[in-house]
Amino acid sequence: MKKIPTMFIRLPSGKMSKEINPVCDWVFKNEGIAHIKLDGTCCLYDTGTLYKRRTVKPAKTYPKDFIAVDYDENTGKEFGWVPVTEDDKWHVEAFEKIKDVISNGTYELIGPKIQGNPEKVEGHVLMKHELTPIYTFEPQREYNELKEWLVDKDIEGLIFYHSDGRMAKIKKSDFGLVR
């Protein structure tokens with residue numbers, strides 16, 4: 001899974017500008033549906049194997065079994081997947097709960113030992129991305145309106161899903177807001 005583009009252009013400093021990211025212009029045409037962006041760690045289930053996301057920094061050695069998926073020209077980081085092993089106990093715990101019904105796709109691993117458990121769940125859970133909660137009341141999709149809308153929401157952010165598979169994201173932290 002490639003990194004989901006942010007709705008606004010990210011500056012080399014890492015801060016976000018108010019300029020619309022051209023690959024996300026569809027969001028500003030009111031296309032797509034807003035889902036809650038869960039604060040966990042991304043996983044992939046594909047034909048019998050659970051993978052965890054892995055980032056390789058420039059000049060670092062690739063881990064064994066690394067499957068490259070995306071490259072960030074600005075940072076030199078490469079993104080990809082490595083198979084989950086028995087040492088990845090939180091992944092394994094969550095996988096065991098759904099191993100008989102899991103389907104191919106991407107998931108977010110959330111739980112008490114993941115990112116400080118901002119989602120406040122008991123136990124570790126794999127939540128399929130396309131099944132995360134949908135916002136029935138969608139915010140305005142302009143910079144200032146999005147920032148204002150996110151201020152009092154206890155969420156990491158939003159991911160907009162287009163029916164053709166495109167995605168775009170916005171996080172509270174992009175605006176300097178704290179969850």
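Just a few scattered comments:
- Computed over the stretch 31-179: relative contact order in percent, which uses C-alpha pairs under 8 Å that are six or more apart: 29 percent
- Sequence-distant residues sharing a close amide H with Tyr71 (under 5 Å, placed H): Phe79
- Whether the stretch 1-104 is rounded, prolate or oblate, judged on the alpha carbon gyration tensor where a/c under 1.5 counts as rounded: oblate
- Rounded to the nearest 10 degrees, the angle from helix 89-98 to the longest Cα principal axis of the chain is 90 degrees.
- Residue separation of Thr75 and Arg179 scaled by 0.36 nm, minus their Cα-Cα distance, works out to 34.9 nm of gained length.
- In the stretch 83-131, trypsin sites (Lys or Arg not before Pro) in a DSSP loop with at most 10 other beta-carbon atoms within 10 Å: Lys120
- Among (1) 20.9, 72; (2) 16.8, 45; (3) 16.1, 52, the entry derived from the coordinates for Rg and Dmax of the Cα atoms in Å: (2)
- GNM result for the chain, Cα springs below 10 Å: residue of Thr75, Thr41, Thr55 fluctuating most strongly: Thr75
- Of the GluC sites (Glu not before Pro) in the stretch 65-136, those whose Cβ has at most 13 other Cβ within 10 Å and which sit in DSSP loop: Glu73, Glu86, Glu122
- Estimated vicinal HN-Hα couplings, Hz - the stretch 158-172 in sequence order (Karplus 6.51, -1.76, 1.60; Gly, Pro = x): 10, 10, 9, 10, 8, 5, 8, x, 5, 9, 8, 10, 8, 10, 4
- Sites Ala68 and Asp100, calculated FRET efficiency, Cβ-Cβ separation with R0 35 Å, nearest 0.05: 0.70
- With neighbours defined as other Cβ atoms within 10 Å of a residue's Cβ, the residues Arg179, Arg54 order from fewest to most as Arg179, Arg54.
Read-outs: derived from the displayed coordinates by stated rules, not from any lab. All values reported here derive from a predicted model rather than from experimental measurement. Every residue, glycine among them, receives a Cβ derived from its backbone with ideal geometry; neighbour counts consider all protein chains shown.
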